[in-house]
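Only one structure is covered here, and it is reproduced in the block below.
The values are calculated or read from the model by the stated rules, or taken from the named source; none is laboratory data. Note that the structure is predicted; figures quoted are calculated from it, not measured. Here the Cβ positions follow ideal geometry from the backbone for every residue, glycine too, while neighbour counts run over all protein chains shown. The area values use the complete protein model at the heavy-atom level, side chains included, leaving out ligands, DNA and RNA. Shrake-Rupley method; radii C 1.70, N 1.55, O 1.52, S 1.80 Å.
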Amino acid sequence: MSKLSHLAGMSLLALSISWPALAEGLRSIKIGVLNDASGPYSDNAGAGSVAAAKMAAEDFMQKHPDLKGEIISADHQNKADVGATIARRWIDQENVDAIADVPNSAVGLAVNEVVRGTRAALIASSAASSDLTGKYCSPNTIQWTFDTWAASHTIGKYLVHQGGKRWYFVATDNALGKSMVRDGTSVIKASGGTVLGSVNVPINTADYASFILQADGSGADVIAFATAGGDTVNLIKQSSEFGLKQKGSTFAALLTTTNDVECTGLSVAQGLIITQPFYWDLNDASRAWSARFSTRQHGQSPTAFHAGVYSSVRAYLNAALAAATNEAPAIVRKMKETPIDDDLFGPVVVRADGRAIHNMYILKAKSQAASKSKWDLLEQVGVLSGPEVFRAVDEGGCSLVEQSKKN
């Protein structure tokens, strides 16, 4: 093929991508970022997630100026009924095409049912319950960043193999905490460990003394915090005050972020084991994007929640352009058809159940002496590929998997 013919072919390909969008009347995609703007998850998501979504829309529109990505936001207050009401209003009255972020699994599961059967999507970048791509899976839903199964299995496998055989869970008394205990227990037992017990704590508790004393009395090698946000920070601080680390227990936070570690302080958090699909200092691409985010967010380092919002929103906009429609089921199908090469998460494959598959990293909180700056908090001690760390596609009970085999 001559160079001229090759260029002509490329031009036709470009037209085949952009022209249908214009011909079908696709001019904009409206995405609502629904999260905790003022409660225990606000530092990890909150305004930073809104900023990340806007960054994704801006980066997309630089390449595709004919298609507008519009971002709005609202606070679900960590209440499933509030989140569901906002989602219905957005879809029915405000022409929102997709709902993104949604930290808090109970809210995420409620919104999942609202979007089911509609023209709108749920891009669950922060809702962690593995049931979203299991028994409650939907053709309208993508789960992007992580889930309770992956977080529990990554840390569980690593620590049991490091000698942490006896576990005790301190878990938030909600869908998130219960999912993490369930999923963590399965991998710990399968790896040769034992779960000595667990205790459920109310969200946003101020005094964890009685719960910590129960964990202390268990004699566990590993105290696992099946919590998130400010609850995790307070638990780690108060557990340290009770001397659990001095007694030889390893702290593992199944769903925590750089913000949580920074708020806790390395003097207390040193040695804490966490797992994340993203850390700002992983590679050149993560550092470059994080610098942009930090400039925009007054020096804040991005969490995996923020990175997940950016990547999932950008992937959704790209798929909407390729599908030439605002209709969520068609856009989600498009995301499942083609592997995604993402700047922040690397190679990503969206499976039939809606689960995005990518690497997960095992990270350890540094000592104060090893840290060179405010956000130099973690060192990578392991990595698992997506197929290793996420639940097998046929084990979650998702009806879409069987349907995909028939098609």
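All conditions in (1) outside any helix (DSSP H, G or I); (2) free of Cβ contacts under 8 Å to residues at least 60 places away in the same chain; (3) open to solvent by 10 Å² or more (accessible area, probe 1.4 Å) hold for G271, with the sole exception of (2).
Against the numbered list (1) over 22 Å from N326 (Cβ atoms); (2) open to solvent by 10 Å² or more (accessible area, probe 1.4 Å), V114 comes up short only at (1).
Of all residues in region 249-279, exactly one satisfies the criterion of being within 17 Å of the chain's Cα centre (by Cα) and farther than 18 Å from H306 by Cα, namely A253.
Restricting attention to region 91-109, the residues that are part of a strand (DSSP E or B), more than 16 Å from S138 (Cα to Cα) and hydrophobic (A, V, I, L, M, F, W, C) add up to 0. Within region 342-351, is there a residue that is closer than 20 Å to A128 by Cα, open to solvent by less than 10 Å² (accessible area, probe 1.4 Å), at pLDDT 95 or above and touching an Asp or Glu at 6+ places or on another chain (Cβ under 6 Å)? Yes. Checked against (1) in contact with a Leu (Cβ under 6 Å, 6 or more places away or on another chain); (2) of a type in the set (G, A, S); (3) modelled with pLDDT of 95 or more, G193 passes all but a single condition, namely (1).
Per the listing L255, L235, the residue uniquely modelled with pLDDT under 90, within 24 Å of S301 (Cβ to Cβ) and among the aliphatic types (A, V, I, L, M) is L255. Is it true that some residue in region 229-236 is over 23 Å from A370 (Cα atoms), open to solvent by 10 Å² or more (accessible area, probe 1.4 Å) and either touching an Asp or Glu at 6+ places or on another chain (Cβ under 6 Å) or in contact (Cβ under 8 Å) with a residue 40 or more places away in the chain (or both)? Yes: region 229-236 contains one or more residues that are over 23 Å from A370 (Cα atoms), open to solvent by 10 Å² or more (accessible area, probe 1.4 Å) and either touching an Asp or Glu at 6+ places or on another chain (Cβ under 6 Å) or in contact (Cβ under 8 Å) with a residue 40 or more places away in the chain (or both).
Residues in region 35-74 that are among the aromatic types (F, W, Y) and outside any helix (DSSP H, G or I): Y41 alone.
Total residues in region 169-210 satisfying the condition of being under 24 Å from G39 (Cβ atoms), more than 21 Å from the chain's Cα centre (by Cα) and open to solvent by 20 Å² or more (accessible area, probe 1.4 Å): the figure is 8.
Here E379 meets each of (1) assigned to a strand (DSSP E or B); (2) open to solvent by 20 Å² or more (accessible area, probe 1.4 Å); (3) within 15 Å of A150 (Cα to Cα); (4) of a type outside the set (K, R) with one exception, condition (3). A307 meets each of the listed conditions (1) crowded, with 24+ Cβ neighbours inside 10 Å; (2) small (G, A, S); (3) over 30 Å from D341 (Cβ atoms) apart from (3). Screening P387, P329 for residues that are touching a residue at least 24 places away in the same chain (Cβ under 8 Å), in a helix (DSSP H, G or I) and over 18 Å from the mean Cα position of the chain (by Cα) leaves exactly one candidate, P329.
I need the full set of residues from region 114-134 which are assigned to a helix (DSSP H, G or I) and farther than 21 Å from K30 by Cβ, in order please.
Restricting attention to region 114-134, the residues satisfying the condition of being assigned to a helix (DSSP H, G or I) are 114-115, 130-133.
If the condition is that a residue be assigned to a helix (DSSP H, G or I) and farther than 21 Å from K30 by Cβ, then S130, D131, L132, T133 are the ones that fit.
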